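Worksheet for the structure shown next.
All of the numbers you see were taken from the coordinates with simple rules; none came from a lab. Being a predicted model, the structure only gives us computed values, none of them experimental. Note that each Cβ is placed from the backbone with ideal geometry, even for glycine, and that neighbours are counted across all protein chains shown.
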Amino acid sequence: MDELLAKLQSPDRRLEMDGSELREVLETVLRRLLPHVDSVDTQLAWEPPEAGPSWDSSLPGEPSDWDGVIQELFEDRLYPAYNPASGGYMAYVPGGGLLHSAVADLIASTVNRYVTVWQAAPRLAELEAEVVDWFRQLAGLPDTGGGYLTTGGSLANWSAVVTARSCRLPENFLDGVIYTSDQAHHSVARAARLSGFPAGNVQLVESDSKYRVSLDQLEQRIEEDREAGRSPFMVVGHAGTTNTGAVDDLAGVARICRQHQLWFHVDAAYGGAFLLTERGREILQGIEHADSVTLDPHKGMFLPYGTGCLLVRDRQDLHRAHAVDVDYMPEMQDDPVRVDICQISPELSRECRGLRVWLPVKIHGLETFSNYLDEKLDLAQFAARELRAIPGVEILATPQLSILAFRLAPEGMDADALNELNHKFLDRINGATQRIFLSPTSLDGAFAIRICVIVFRTHLEHVQHCVDVIRRSAAELLAGQ
Ligand SMILES: Cc1ncc(COP(=O)(O)O)c(C=O)c1O
């Protein structure tokens, strides 16, 4: 008997789950997952971390049973944690995590199609092109535009810098200078670093009293750098900063970029989704002049983490920056609809990212998202109005979109004492019930507390609870308790 053949005739087939086994496993998982879903909004909005690590360092050579593994996951690994899916989570820039996208992910991973090469799954590759085209239309970019879905805003900003560098600078690009406001998200500086620029090549331009980039300063810096022999090539404007949700004068920045022939990128990771609302479109006017735009559907479109988007005005620019031809790949397309995602992005193999956007949008229609986002704009206005009425509270940044910043500012305290007081204020707010969670930032040196209303589950009752906790905490601190 041929020993090799005998061995191959009885392979280990345990990894090959069939339909009935999958159903059984899903039932085991759902017994844990459904109570989690039903309680997500009544669970704490945050918990402090505990010292770890919690794992057994021996290699898991032997199989384990599903019940035990799922139990470990749900009982020992899910907590402690921040709970950005809960309506009380208004820290940083939360997401929410639509369950429709979780269903889409299950389908996408189960069928496991190869979407980055058009001919390997043409209809699914086109599905992502369709989703990107919805976003292109929302941003008002021309039909020469295109883009692709990234894993988040940081990756989109990085790919934008690489694209701008490839299109606007020579191979030796070290003189190239990028301008952005002093309110920029740190992913812009990191994008520049990862693209090979020295730290000094990112110029942080002063912002005005509303935390929008100063156009005069921007123009002056560009002219000074040109005169000094450097090569200004890119401006990153903001459609909603992380700190305060400030929206730059995008039309003004676009004008400067046109005049000085610079690439105009808009970081709309936080604010871009508000293009779905009338107010948002008004505030974000000028975004349609951008050469590229970062969107982050895992923020304002409430998707689970792992979905960003880079849009460009001219899809050929993405191709120029990313395409590589090799012998072992199938034939690539030259067609705006038949998109080979691997030719316009840094990734090759990856999941079918488009489905997690396409499915919830198809199920609900963009109008539903628009209603939710309108509500978030109103909730931020409501929060600002209520906070203004609290003795001792000072609004540092009124909401331009759905973020605001405030602090406690009793008279007669110097800057250091105020910062110390507001540290305590935030700890007290977050610790009071743990049903709301806010995060700090620094505005002109002042310790500021932010409220960011962007979780789809956040409604009036959450904001009212937040305001109540702030009111109580302020009164206690001012009374010296
Ligand atoms: C304005 C802005 N840009 C970029 C990012 C980075 O996005 P991500 O966390 O998806 O990488 C953020 C994140 O909060 C942001 O607020």
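Could you give log10 I(q)/I(0) at q = 0.26 Å⁻¹ for the range 368-422, computed by the Debye formula over C-alpha point scatterers of equal weight, without solvent?
Debye curve over Cα of the range 368-422, log10 I(q)/I(0) at q = 0.26 Å⁻¹: -0.97.
Along the positive direction of the dipole of the chain (beta-carbon charges: Lys, Arg +1; Asp, Glu -1; about the Cα centre), which of 403, 102, 198 reaches farthest?
Highest projection toward the positive end goes to 403.
Indicate, rounded to the nearest 5 percent, the antiparallel portion of the DSSP beta bridges found entirely in the chain.
The answer is about 55 percent antiparallel.
Taking the Cα atoms of the range 1-67, report the difference between the largest and smallest coordinate on each principal axis, in whole Å and largest first.
Projected onto the principal axes, the Cα atoms of the range 1-67 cover 64, 32, 13 Å.
Pull out the extension gain between residue 55 and residue 13, defined as 0.36 nm times the separation in residues minus the alpha carbon to alpha carbon distance; nm, one decimal.
Gain on extension, residue 55 to residue 13, equals 12.3 nm.
Defining a contact as two alpha carbons under 8 Å apart and six or more residues distant in sequence, what relative contact order in percent does the range 1-101 show?
33 percent
So if each residue of separation counts as 0.36 nm, and I subtract the Cα-Cα distance between residue 329 and residue 25, what length gain in nm does that give?
Taking residue 329 through residue 25 to full extension adds about 105.8 nm, to one decimal.
If you put +1 on each Lys and Arg Cβ and -1 on each Asp and Glu Cβ, how big is the dipole of the chain around its Cα centre, in Debye rounded to 20?
840 debye
Can you tell me, using C-alpha contacts under 8 Å and at least 6 residues apart, the relative contact order of the range 269-331 as a whole percent?
RCO, the range 269-331: 29 percent.
Under 1.5 on a/c is rounded, so check that first for the range 46-125, then, if it is not, pick prolate when a/b is larger than b/c and oblate when it is not; a ≥ b ≥ c are the square roots of the alpha carbon gyration tensor eigenvalues.
Oblate, since a/c reaches 1.5 and b/c is not below a/b.
Which of 17, 419, 89 sits closest to the plus end of the dipole of the chain, meaning its Cα is farthest towards the positive end, when Lys and Arg get +1 and Asp and Glu get -1 on the C-beta?
419
Would you please classify the overall shape of the range 201-260 from the alpha carbon gyration tensor, given that a ≥ b ≥ c denote the square roots of the eigenvalues, rounded means a/c under 1.5, and beyond that prolate means a/b larger than b/c while oblate covers the rest?
In terms of gyration-tensor shape, prolate.
With N set to the residue count of the chain, report its C-alpha Rg divided by 2.2 N^0.38 Å to two decimal places.
Dividing the Cα radius of gyration by 2.2 N^0.38 Å gives 1.08.
Within the chain, what is the number of lysine pairs with alpha carbons under 29 Å apart, leaving out pairs fewer than eight places apart on the same chain?
Pairs that pass both the separation and distance tests number 8.
P(r) for the range 178-283: what percent of alpha-carbon pairs falls in each 10 Å bin, starting at zero?
Going out from 0 Å in 10 Å bins, the range 178-283 shows 15, 48, 30, 5, 0 percent.
Just going by the charge dipole of the chain, with Lys and Arg at +1 and Asp and Glu at -1 on Cβ, which of 121, 181, 337 is farthest out on the positive end?
181
The range 289-370: which GluC sites (Glu not before Pro) are DSSP loop and have at most 11 other beta-carbon atoms within 10 angstrom?
The qualifying sites are 331.
Size of the dipole of the range 392-481 about the Cα centre, Lys and Arg at +1 and Asp and Glu at -1 on the beta carbon, nothing else charged, in debye to 20?
440 debye
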